[in-house]
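Take a look at the structure below.
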Amino acid sequence: MGLWNTCIVLPAIPFALGFNLNCAFHTMEKNSMRATLTIAVLILSAQLLPAFSGKSVEAEERKSPIDEHRSVPTELYFNGDIVTVNEKQPEVEALAVRGGVILAVGTFEEVKVAAGENPKLYDLQGHTLLPGLIDAHGHITYTNILQFSANIASPPVGPVDDISGLISVLKAHAAESSDADWIVGFGYDDSLIKENRHPTRWELDQVSKTRPIAITHVSGHLMSCNSKALELAGITKDTVDPSGGHIRRALDSQEPNGVLEETAMHRMRFVLPSPDVPTQVSMMEKTLAEYASFGLTTIQDGATGVQSLNTLESAAKQGLLYLDVVAFPHMSVGLNTLKRYPPSDEYDNHYRIGGIKLTLDGSPQGKTAWLTEPYHHPPHGQPSDYKGYATLTEEKAQEFVDYAIGNNVPLLAHANGDAAADQMIRTVKSANAQFGKGDRRPVMIHAQTAREDQIEAMLDEGIIPSYFVAHTYYWGDWHRDSVFGVKRASRISPLRSSADKGLLYTIHNDTPIVPADMMRLLWTAVNRITRSGKVLGESQRATVMEGIRAITIDAAYQFFEEDAK
Ligand SMILES: [Zn+2]
Ligand SMILES: [Zn+2]
């Protein structure tokens, strides 16, 4: 997609990347920004932002970290739009950095004095400089292991247009990975392939009947498996649906058709091998480079299992992490295990545990999100009043929320459908009543169908929504025509309503669900243009500066890091 082509436009600056967004920001004029915005993102280090929250050049001098880097030359950036995201000092002429920490911002003369003798000068040549970007929600360890998977996404992320194309990609991947037992793929999208349905076990059997195959839907909430994989997982016509999940069946039969929803995937994941910790650690360099290329300096692992916790801990110990990584162990490890991984405010070699993660429902594009009103068109085999379903019972959800709120453990709760959002608000409200309100900043992850009354309730209970606004582009047409109908689809990720009501929010890509391209994410928040080029809910657009805040300082607040980033 030419619109988002990125290129290094500042080759003289080793740590700066430039993004040309020619005409990408259609609402630029309205937001009094230039029609063509060129953004350079500094990716020096996660400690980049501190000086932006200071007031004067002198006050911004941070002695201790800078003293450690006395021998490091000071870099002085000038002649561009330097966006501080600090309302008190929104734009400055120049910025000095030493040892990855901002030394000073201000007029060129002020910064030159603060920079001392012989700073390295970097002429931005009119480009815009932004602070390091923050991934408000995503999954770096999952992204990392996908290096072993076939890319079966549809354009622009992958090559698959229909089921025969999917089979060809899997056959090629099977040949390349002939030493592995399993054939795995990620990212198929029933909303985008020609057939508009999930591939069945019998279609996947065309790739192999002897090697097990498990391919994961782009939402991460469903998968399709061949007959060999179903056999290994022991899923038969006699297997009953687990609580919070569904085994899809062939028409007029109990025979599984290969498609597993939500918790029904657990049995498959149990037999599906994943790369061992040393292998995962060795793959991390490539994954970090990908995130860094998009200007990210803080990354979330927002549903970490025990093996992935070991991977991150090991990568940190070996000094391999150069971007800050914050892990949130997932509820699937069980409450007792969660208690063994308490959160920490301090990074250790760029790694810390940030809190815990709950999953309350599924995905709207996969039609498993838990809604209060029926889907516009129900999925395969479901009645017209189908509304999706909860992942946890109310009691179980309350138990996890009580643990988090009662122990001041930062909480992320995945809630896509408004019924799941109701459950989060209800359980947090109950815990707040029991333990007293405090500065705990629980985050509603995705919050895509949050209603106006829920925005007000989030304000009351201190909940921060992190909106998956990239959906307006990736699945906007599908949401309007198949999932929600035009009225509900037009107000998914209600950024404008939230800002107007004074509710702080963040936005995310949920990588690997969509690539970690932060400029594309910003573009979706500001424009809400679907794949087919139609605007979805113009009245919910964010301004450019609101969008930038949602991936910088407001995201830092979500992580309790607003004093440092
Ligand atoms: Zn999620
Ligand atoms: Zn996620």
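Brief remarks on what is shown
- Panel note: the C-alpha atoms of the chain, placed on their principal axes, show extents of 78, 54, 48 Å (largest first).
- Neighbour net charge for Phe294 - beta-carbon separation under 10 angstrom, K R +1, D E -1: -2
- DSSP beta bridge pairing in the range 403-531, given as percent antiparallel to the nearest 5: 0 percent
- Using C-alpha pairs below 8 Å separated by at least 6 residues, the relative contact order for the range 354-548 is 18 percent.
- 10 Å-binned pair-distance histogram of the range 353-464 (Cα, whole percent): 16, 47, 28, 9, 1
- Convex hull per residue volume in Å³, alpha carbons only, for the range 229-371: 152 Å³
- Summarising the label geometry, the points placed 7 Å from Cα in the beta-carbon direction at Gln254 and His380 lie 2.0 nm from one another.
- Carbon + sulfur, % of accessible area of the range 338-424 - ligands and nucleic acids excluded, 1.4 Å: 46 percent
- Between Gly258, Trp202, Leu230, the Cα set farthest toward the positive side of the dipole of the range 142-271 (charges on each charged residue's Cβ, about the Cα centre) is that of Leu230.
- Here the sum of -39500 (n - 2.57) over DSSP H runs of 4 or more residues, divided by the residues of the chain, equals -8000 deg cm²/dmol at 222 nm, to the nearest 500.
- Shape analysis of the range 472-565 places it in the prolate category; the axes a ≥ b ≥ c from the Cα gyration tensor give an a/c of at least 1.5, with a/b above b/c.
- Tail fraction, Cα-Cα pairs, the range 142-271, threshold 17 Å, whole percent: 54 percent
- Pairwise FRET efficiency - Thr236 versus Glu93, Cβ, R0 = 60 Å, nearest 0.05: 0.30
- If the Kirkwood radius is taken over C-alpha pairs of the range 354-548, then at 20 °C and 1.002 mPa s the Stokes-Einstein diffusion coefficient equals 128 µm²/s.
- Linear extension gain, Trp202 paired with Glu452, 0.36 nm per residue minus alpha-carbon span: 85.5 nm
- With both labels modelled 7 Å from their Cα along Cα-to-Cβ, the Phe108 to Thr210 distance reads 7.2 nm.
- The H on the amide N of Thr506, modeled in the peptide plane, is under 5 Å from the matching H of Ser466, Tyr467, each at least 5 residues off or on a different chain.
- Charges were assigned to the Cβ only: +1 to each Lys and Arg, -1 to each Asp and Glu. The resulting dipole of the chain about its Cα centre is roughly 700 debye.
- Placing unit charges on the Cβ atoms of the charged side chains and taking the dipole of the chain about its Cα centre, the candidate lying farthest along the positive direction among Ile299, Ala114, Ala175 is Ala175.
- Surface exposure of the range 497-565, expressed per residue as accessible area with a 1.4 Å probe, stands at 28 Å².
The values are calculated or read from the model by the stated rules, or taken from the named source; none is laboratory data. Everything quoted here is computed from the prediction, not taken from an experiment. Methodologically, a virtual Cβ is constructed for each residue, glycine included, from the backbone with ideal geometry; neighbour enumeration extends over all protein chains shown. For accessibility, only protein heavy atoms count, side chains too; no ligands or nucleic acids. Shrake-Rupley method; radii C 1.70, N 1.55, O 1.52, S 1.80 Å.
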